[in-house]
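*Asks:* A single structure is presented below for examination.
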Amino acid sequence: EMAKKSLPEKFEVIPAQNFAERHDNNSEYKLVSEHSFDAAHWLHGHNGLCKNLHGHNWRVQIKLKSDKLIEEGTSREMVCDFKDLKKDFRALVDNFDHALIAEKDTISERLLKALAKEGFERIRLVPFRPTCENFAPYFYYEMKAKGYDVEVIKVWETEINSCEYREK
């Protein structure tokens, strides 16, 4: 009550009785962040249209899970600092932005040299077929390796087509 009297009139201390009663060990937290990248790819050996070079506006969502909050320090009462999550997640996703993505060993060395000669700088060769079904676990395990408790990664290849990946 003493603190309330010393506050300017416009300020108000908000009671949080209900919050305190429910905010206990039975809690579960989910943090969600999204980022996007624009990139071209093709599916080597595919029989449909995707065997041709084409582009997407990819969108990637990460969902973290935790049953507790950090107890001390500047990130006290957080699952993690969104600033750190965004920095790490965006750096990973931005590696593919405005790039040509291809499965390793599906482009001839001659073509790679020709592309380099023409000024292509952002070619990303990945050890998997560049589908949303493979990008989802790629982002999942890369973020887990950075120490995040990832529940699920969702990758949209288009506005209406996506893939979610989580461990069983």
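The values are calculated or read from the model by the stated rules, or taken from the named source; none is laboratory data. What you see is a predicted model, and the numbers here were worked out from it, not measured in a lab. Glycine gets a Cβ as well: all are built from the backbone with ideal geometry, and neighbour counts include every protein chain shown. To get the accessible areas, we keep the full protein, side chains included, count just its heavy atoms, and leave off ligands, DNA and RNA. Shrake-Rupley method; radii C 1.70, N 1.55, O 1.52, S 1.80 Å.
*Asks:* Within segment 79-137, which residues are under 18 Å from H44 (Cβ atoms) and acidic (D, E)?
*Replies:* Scanning segment 79-137 gives E103, D105, E109, E133.
*Asks:* Among the residues of segment 70-93, is any modelled with pLDDT of 95 or more, under 17 Å from F135 (Cα atoms), in contact with a Cys (Cβ under 9 Å, 6 or more places away or on another chain) and outside any loop (DSSP other than H, G, I, E, B)?
*Replies:* Looking through segment 70-93, none of the residues is modelled with pLDDT of 95 or more, under 17 Å from F135 (Cα atoms), in contact with a Cys (Cβ under 9 Å, 6 or more places away or on another chain) and outside any loop (DSSP other than H, G, I, E, B).
*Asks:* If I ask for residues that are among the β-branched types (V, I, T), in contact with a strand residue (DSSP E or B) (Cβ under 8 Å, 6 or more places away or on another chain) and open to solvent by 10 Å² or more (accessible area, probe 1.4 Å), which ones from segment 132-160 would you list?
*Replies:* T158, the sole residue that qualifies.
*Asks:* Something else: Within segment 135-168, take every residue that is within 16 Å of N95 (Cβ to Cβ) and not in a helix (DSSP H, G or I) and give me the one that is farthest from the chain's Cα centre (by Cα).
*Replies:* Across segment 135-168, the extreme among qualifying residues is K146.
*Asks:* Same structure again: Quick check on segment 57-73: of everything there that is closer than 30 Å to H98 by Cβ and in contact with an Asp or Glu (Cβ under 6 Å, 6 or more places away or on another chain), which residue is least open to solvent (accessible area, probe 1.4 Å)?
*Replies:* If we take residues in segment 57-73 being closer than 30 Å to H98 by Cβ and in contact with an Asp or Glu (Cβ under 6 Å, 6 or more places away or on another chain), then L64 is least open to solvent (accessible area, probe 1.4 Å).
*Asks:* Now for a different question. Quick one: which residue in F96, F120 is at pLDDT below 95 and of a type in the set (F, W, Y)?
*Replies:* The conditions single out F120.
*Asks:* So is H46 without any contact (Cβ under 8 Å) to a residue 60 or more places away in the chain, out of contact with any Leu (no Cβ under 6 Å at 6 or more places or on another chain), closer than 22 Å to P130 by Cβ and open to solvent by 60 Å² or more (accessible area, probe 1.4 Å) or not?
*Replies:* yes
*Asks:* Continuing with this model, one more query. For the subset of segment 89-123 comprising residues that are in contact (Cβ under 8 Å) with a residue 24 or more places away in the chain and either farther than 17 Å from A39 by Cβ or open to solvent by 60 Å² or more (accessible area, probe 1.4 Å) (or both), which member is nearest to the chain's Cα centre (by Cα)?
*Replies:* So, considering only residues that are in contact (Cβ under 8 Å) with a residue 24 or more places away in the chain and either farther than 17 Å from A39 by Cβ or open to solvent by 60 Å² or more (accessible area, probe 1.4 Å) (or both), the one nearest to the chain's Cα centre (by Cα) is R90.
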